[in-house]
Amino acid sequence: MHKAAPAHDPGDDELEVRPPQTVAAGAAAVGHALEIAVEQMGVRRTLGTLLRVNQVDGFDCPGCAWPESTDRSHAEFCENGAKAVAEEATRRRVGADFFARHPIADLAGRSDYWLGQQGRLTQPVVRRPGGTHYEPIGWAEAYDLIAAELAALDDPDGAVFYTSGRTSNEAAFAYQLLVRAFGTNNLPDCSNMCHESSGSALTETLGVGKGTVLLDDIHDTDLILICGQNPGTNHPRMLTALEVAKGNGARIVAVNPLPEAGLMRFRNPQHVGGVVGRGMALADRFLQIRVNGDLALFQALGARLLEEDRRDPARSVLDHGFIAEHTDGFDAYAAHLADLDWDEVEAATGLTRAEIDETVADVLAADRIIVCWAMGLTQHRNSVPTIREVVNFLLLRGNVGRPGAGACPVRGHSNVQGDRTMGIHERPSGAFLDALGAEFGFDPPRRPGHDTVDSIRAMRSGSARTFLAMGGNFLAAAPDTDATAAALARCRLTASVSTKLNRTHTVPGEVAVILPCLGRTDRDEQADGPQHVSVEDSMGMVHASRGRLAPPAPDLPSEVEVVAELARRLVADRTTADWTAMQADYGTIRDHISRVVPGFEDYDRRVVDGFTLPNAPRDHRRFPTATGKARFTVNPLTRVDVPEGRLLLQTLRSHDQYNTTIYGLDDRYRGIRRGRRVLFAHADDLAALGFADGDRVDVVSEWDDGERRAPSFRLVAYPVARGTCAAYFPEANVLVPLDSTAEVSNTPTSKSVVVRFEPAAP
Ligand SMILES: Nc1nc2c(c(=O)[nH]1)N[C@H]1C(S)=C(S)[C@@H](COP(=O)(O)OP(=O)(O)OC[C@H]3O[C@@H](n4cnc5c(=O)[nH]c(N)nc54)[C@H](O)[C@@H]3O)O[C@H]1N2
Ligand SMILES: Nc1nc2c(c(=O)[nH]1)N[C@H]1C(S)=C(S)[C@@H](COP(=O)(O)OP(=O)(O)OC[C@H]3O[C@@H](n4cnc5c(=O)[nH]c(N)nc54)[C@H](O)[C@@H]3O)O[C@H]1N2
Ligand SMILES: [Mo]
């Protein structure tokens with residue numbers, strides 16, 4: 001039997017701190033994942049469900065976007081994938097009785113963990129103006145209410161339509177069509193807070209806002225730089241690929257302010273010997289970089305390569321043939337790096353000249369190089385220039401568009417990349433809008449819409465008054481939690497299509513609606529029979545996903561159905577779309593997609609076996625940029641200025657969470673148990689600031705517009721890079737100023753927050 005949801009909210013009362021671990025996965029991982037799965041699902045459902053993850057006829061894991069190996073003959077066991085599945089396939093339920101027992105004020109006082117643990121949402125509920133509780137509402141009435149509120153707006157830009165990256169291609173395509181038929185491009189999504197900086201930098205320099213490697217490239221390469229990524233927790237299946245790469249002779253350089261367990265050593269639970277012993281050393285070199293030092297690091301590597309090339313032109317340090325034929329901007333780039341300020345490099349990176357020289361030796365010994373990165377690179381003020389410098393580095397030795405080489409931004413949500421491909425974007429390309437308009441006989445709006453940060457500003461100022469979310473947890477994921485809450489509370493209507501209860505539901509607009517829906521693991525029956533959906537992984541591979549479980553409630557709609565219900569009420573006569581046909585058979589949606597989105601020709605047939613989307617830089621060394629060449633860029637060496645007595649805070653994920661969904665209160669690899677309000681800092685920095693391990697402090701962030709405070713964190717002396725510190729997302733989001741965003745991409749700087757500590761009130 002599965003266990004009932006905890007009635008008591010444990011909070012942080014029993015927090016325990018132990019030394020961090022140095023090896024990822026292994027027996028403990030299997031045991032822990034199964035324990036969580038059985039608690040949520042019971043034994044039979046656990047076995048029946050976990051065997052179907054990422055199988056050809058099964059469902060796509062709702063966890064991360066790391067690709068499946070083409071040989072999907074047996075389940076690849078992943079601890080955090082199992083937790084993601086258990087979280088959705090849980091037998092716990094939230095119904096009308098739950099909302100009757102818990103007024104909204106009570107829900108607002110609960111932890112994210114407690115909210116998520118209550119179970120799957122089963123019926124639509126509404127908070128009417130002035131109401132203290134959510135109360136049941138019929139499906140038709142709920143759709144009528146949302147459609148009427150939207151129809152009443154005098155300007156379609158007064159509505160904001162958020163999307164989280166789990167939404168399938170079919171639902172995402174239908175949703176953006178609804179929104180554009182309604183008349184706005186206000187389609188912010190989780191990407192705005194995630195890999196937007198990667199998309200911006202790669203589109204500009206390579207012509208495609210996606211990575212240029214496939215799984216086989218990772219398997220067979222000479223050198224992998226893993227920057228700002230914690231795969232042991234967030235992409236555990238990547239460790240298996242890294243193990244293969246190492247077996248084939250690759251070296252790995254880990255660039256991180258923390259010695260993350262999964263980067264250092266790995267015990268593969270799939271192997272007989274994998275659950276015992278010390279495991280395999282993954283990283284051959286660990287560059288313990290200061291937070292926000294990566295721009296300087298890649299400039300330093302570039303400068304040193306240019307220098308080596310000048311010193312020994314015969315040695316082919318640079319790929320001059322590739323540079324001449326396929327790139328532009330090289331001379332300006334080389335001239336800029338000729339006067340690199342090495343003191344600045346050292347101050348920014350915290351690395352020694354020797355460490356950089358040794359890394360250059362790794363680079364020179366490698367014919368094929370891949371750079372992988374995630375949030376450690378994308379959530380800073382200078383993230384776009386940083387990723388441009390990653391591209392510069394790759395271009396120097398021709399490491400784009402050939403086997404075993406390339407750029408590998410490792411995506412987060414399982415379909416975040418697909419959602420973008422389907423048009424979930426506040427600034428869609430003209431070509432996309434032309435094709436969409438032609439397919440559906442209408443004129444899509446051309447004005448750029450609001451991204452996440454601008455949506456918050458628009459709601460705060462009152463220019464946007466209606467907020468609709470297709471999944472996700474906007475309030476907890478967004479920066480500046482208090483500002484975001486105030487913005488949502490000003491709305492006339494907030495509506496969420498959600499599988500689970502979360503913090504966003506606790507700050508309702510004047511009217512608030514929660515529409516529960518099917519998840520990936522649930523069977524989806526429509527008028528024309530059982531439906532499958534499809535997703536695109538981090539490497540541009542598209543494949544089908546079929547849920548098999550009986551849905552948590554008999555009448556739960558799919559996301560596609562919710563979209564169709566709203567569209568029939570709101571935009572039925574504005575396009576030629578047949579919403580009822582699209583809902584009855586998702587193949588109809590795929591047929592539309594095949595005519596609107598390049599690369600999806602014959603989609604409905606090809607998705608059955610899966611296919612890889614074309615990628616011009618990867619496949620043909622063709623670069624559809626402004627100049628038709630891959631572009632070297634010149635970027636000033638910037639870093640965050642951290643005044644005396646302050647540290648640079650980055651916010652990261654524990655091992656027991658999926659973004660704002662908290663699976664449990666432990667962070668096993670970092671030695672944290674039964675609590676989350678911890679602040680990791682170097683023991684010497686703590687001492688210099690007059691604090692010590694175990695102290696309770698308020699964390700105060702400092703920004704142009706004033707201070708923000710996160711009360712009562714326990715300081716943990718931890719081997720982080722000097723001058724920097726770390727705390728968990730979303731507890732620390734209150735500290736991230738709304739206006740502190742990345743240049744170009746407007747991504748909140750969740751990994752660069754200047755903070756100081758004050759003793760907490762006893
Ligand atoms: N189990 C699980 N899986 C997930 C998620 C989850 O929450 N749980 N989230 C999913 C999503 S949406 C995403 S985007 C990904 C996130 O995957 P990650 O990017 O791995 O997630 P974070 O925990 O934010 O980790 C950031 C890493 O970057 C390092 N870092 C921080 N600042 C810097 C810096 O300035 N330079 C460098 N070099 N390193 C830095 C941190 O120490 C940490 O190791 O994972 C996805 N997969
Ligand atoms: N400080 C700080 N902030 C960050 C980050 C950080 O590193 N630091 N990371 C950022 C990143 S990378 C991301 S991607 C965002 C994440 O932002 P979001 O994607 O908005 O957040 P999630 O926590 O993934 O959303 C979880 C909720 O999604 C709903 N859900 C789950 N599955 C489904 C489904 O199948 N359908 C529907 N309709 N709903 C579903 C459930 O109700 C659940 O409560 O957060 C960002 N915020
Ligand atoms: Mo993400």
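Condition first: buried (at least 18 other Cβ atoms within 10 Å of the Cβ), among the hydrophobic types (A, V, I, L, M, F, W, C) and not in a loop (DSSP other than H, G, I, E, B). Now tell me which residues in the range 615-640 satisfy that.
Passing the criteria: only Ala630.
Ser429: within 29 Å of Arg595 (Cβ to Cβ) and modelled with pLDDT under 95, yes or no?
In short, no.
Look through Tyr663, Tyr669 and report the one residue that is aromatic (Phe, Trp, Tyr) and within 30 Å of His532 (Cα to Cα).
Tyr663
When you look at Ala567, is it aliphatic (A, V, I, L, M), more than 24 Å from the chain's Cα centre (by Cα) and more than 16 Å from ligand 1 (Cβ to nearest atom), yes or no?
Yes: the conditions hold for Ala567.
Taking the conditions exactly as written (crowded, with 24+ Cβ neighbours inside 10 Å and away from ligand 3 (no atom under 16 Å from the Cβ)), does Thr724 satisfy them or not?
yes
Filter the range 144-171 down to the residues that are within 16 Å of ligand 1 (Cβ to nearest atom) and of a type outside the set (S, T, N, Q), then identify the one that is most open to solvent (accessible area, probe 1.4 Å). Step through it out loud before you land on a result.
Start the filter on the range 144-171 by keeping residues that are within 16 Å of ligand 1 (Cβ to nearest atom), which leaves 162-167.
Those left that are additionally of a type outside the set (S, T, N, Q): 162, 165-166.
Working: Tyr162: 5, Gly165: 1, Arg166: 73 Å².
Result: Arg166.
Does Thr421 qualify as being within 20 Å of Phe600 (Cβ to Cβ), under 18 Å from the mean Cα position of the chain (by Cα) and of a type in the set (Ser, Thr, Tyr)?
It is true that Thr421 is within 20 Å of Phe600 (Cβ to Cβ), under 18 Å from the mean Cα position of the chain (by Cα) and of a type in the set (Ser, Thr, Tyr).
Any chance the range 710-721 includes a residue that's crowded, with 17+ Cβ neighbours inside 10 Å, part of a loop (DSSP other than H, G, I, E, B) and among the aliphatic types (A, V, I, L, M)? Steps first, answer last, please.
Narrowing the range 710-721 to residues crowded, with 17+ Cβ neighbours inside 10 Å: 710, 713-718, 720-721.
Of the ones still in play, those that are also part of a loop (DSSP other than H, G, I, E, B) are 718, 720-721.
So of that shortlist, the ones also among the aliphatic types (A, V, I, L, M) come out as 720-721.
Among the residues of the range 710-721, at least one is crowded, with 17+ Cβ neighbours inside 10 Å, part of a loop (DSSP other than H, G, I, E, B) and among the aliphatic types (A, V, I, L, M), which makes the answer yes.
Could you tell me how many of the residues in the range 128-143 are touching a residue at least 24 places away in the same chain (Cβ under 8 Å), open to solvent by 40 Å² or more (accessible area, probe 1.4 Å) and over 14 Å from Ala100 (Cβ atoms)?
Residues meeting the conditions: 3.
Which ones in the range 582-621 are in contact (Cβ under 8 Å) with a residue 24 or more places away in the chain and of a type in the set (S, T, N, Q)?
Gln583, Thr612, Asn615
Taking the options Gly547, Gly540, name whichever one is of a type in the set (Gly, Ala, Ser), open to solvent by 10 Å² or more (accessible area, probe 1.4 Å) and under 28 Å from Pro236 (Cα atoms).
Just a single option satisfies the conditions, and that option is Gly547.
Search the range 406-426 for residues that are on the phi > 0 side of the Ramachandran plot and pair each with any residue that is part of a loop (DSSP other than H, G, I, E, B) and away from ligand 3 (no atom under 14 Å from the Cβ) when their beta-carbon atoms are under 6 Å apart and the residues are at least 6 apart or on different chains.
Filtered contacts from the range 406-426: Gly406/Thr212; Gly406/Val213; Gly406/Val400.
Could you tell me which residue of the range 133-144 is farthest from ligand 2 (Cβ to nearest atom), considering only residues that are aliphatic (A, V, I, L, M) and more than 32 Å from the chain's Cα centre (by Cα)?
Within the range 133-144, the match that is farthest from ligand 2 (Cβ to nearest atom) is Ala140.
Any idea which of Ala458, Ala477, Ala486 is in contact (Cβ under 8 Å) with a residue 24 or more places away in the chain, in the same structural domain as Gly131 (by TED's automatic domain parsing) and surrounded by fewer than 22 Cβ atoms within 10 Å (Cβ to Cβ)?
Going through Ala458, Ala477, Ala486 in turn, just one is in contact (Cβ under 8 Å) with a residue 24 or more places away in the chain, in the same structural domain as Gly131 (by TED's automatic domain parsing) and surrounded by fewer than 22 Cβ atoms within 10 Å (Cβ to Cβ): Ala486.
Quick test of your reading of the structure: Ser558 fulfils all but one of (1) among the hydroxyl-bearing types (Ser, Thr, Tyr); (2) within 30 Å of Ser69 (Cβ to Cβ); (3) surrounded by fewer than 22 Cβ atoms within 10 Å (Cβ to Cβ). Name the failing condition by number.
Checking Ser558 against (1) among the hydroxyl-bearing types (Ser, Thr, Tyr); (2) within 30 Å of Ser69 (Cβ to Cβ); (3) surrounded by fewer than 22 Cβ atoms within 10 Å (Cβ to Cβ), the one that fails is (3).
Got a sec? Which helices (runs of 4 or more DSSP H) wholly within the range 161-231 have at least 2 residues that are under 28 Å from His655 (Cβ atoms) and under 15 Å from the mean Cα position of the chain (by Cα)?
Per the criteria, 196-206.
So which of Arg722, Arg709 ends up being touching a strand residue (DSSP E or B) at 6+ places or on another chain (Cβ under 7 Å), more than 13 Å from ligand 1 (Cβ to nearest atom) and basic (Lys, Arg)?
Arg709
Does Val678 meet the test of being buried (at least 19 other Cβ atoms within 10 Å of the Cβ) and more than 12 Å from ligand 2 (Cβ to nearest atom)?
Details: buried (at least 19 other Cβ atoms within 10 Å of the Cβ): yes; more than 12 Å from ligand 2 (Cβ to nearest atom): yes.
For Val678, the condition - buried (at least 19 other Cβ atoms within 10 Å of the Cβ) and more than 12 Å from ligand 2 (Cβ to nearest atom) - is met.
Name the pairs: first residue in the range 559-581 and more than 16 Å from Glu149 (Cα to Cα), second residue aliphatic (A, V, I, L, M) and assigned to a loop (DSSP other than H, G, I, E, B), Cβ to Cβ under 9 Å, at least 6 apart or on different chains?
Short answer, once both residue conditions are applied: Glu559/Leu518; Glu561/Leu518; Ala577/Val571; Trp579/Val571; Trp579/Ala572; Thr580/Ala527.
Got a sec? Which helices (runs of 4 or more DSSP H) wholly within the range 471-574 have at least 2 residues that are within 16 Å of ligand 3 (Cβ to nearest atom)? Quick ask: steps written out before the conclusion?
Values: elements: 474-477, 481-489, 559-570.
Passing ranges, in order: 474-477.
Residue-wise test of (1) in a helix (DSSP H, G or I); (2) within 16 Å of ligand 3 (Cβ to nearest atom).
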site	(1), (2)
Val360	yes, no
Val363	yes, no
Val371	no, no
His380	no, yes
Ile387	yes, yes
Leu394	yes, no
Gly398	no, no
Gly401	no, no
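Taking the conditions exactly as written (touching a Phe, Trp or Tyr at 6+ places or on another chain (Cβ under 6 Å) and more than 16 Å from ligand 2 (Cβ to nearest atom)), does Leu206 satisfy them or not?
The answer is yes for Leu206.
Checking Arg368 against (1) within 14 Å of ligand 1 (Cβ to nearest atom); (2) open to solvent by 10 Å² or more (accessible area, probe 1.4 Å), which single condition isn't satisfied?
(1)
Taking the residues in the range 31-80 that are among the basic types (Lys, Arg) and surrounded by fewer than 18 Cβ atoms within 10 Å (Cβ to Cβ) as candidates, determine which candidate is modelled with the highest pLDDT.
Per the stated criteria, the residue is Arg44.
If you check Val699 against the conditions, is it of a type in the set (A, V, I, L, M) and farther than 30 Å from Glu88 by Cα?
yes
In the range 729-750, which residues are farther than 16 Å from Thr452 by Cβ and buried (at least 24 other Cβ atoms within 10 Å of the Cβ)?
Ala732, Leu735
The values are calculated or read from the model by the stated rules, or taken from the named source; none is laboratory data. The structure presented is a predicted model; accordingly, all values stated were derived computationally and were not measured. No Cβ is skipped: glycine too gets one built from the backbone with ideal geometry, and neighbour counts run over all protein chains shown. Accessible surface areas use protein heavy atoms only, side chains included; no ligands, DNA or RNA. Shrake-Rupley method; radii C 1.70, N 1.55, O 1.52, S 1.80 Å.
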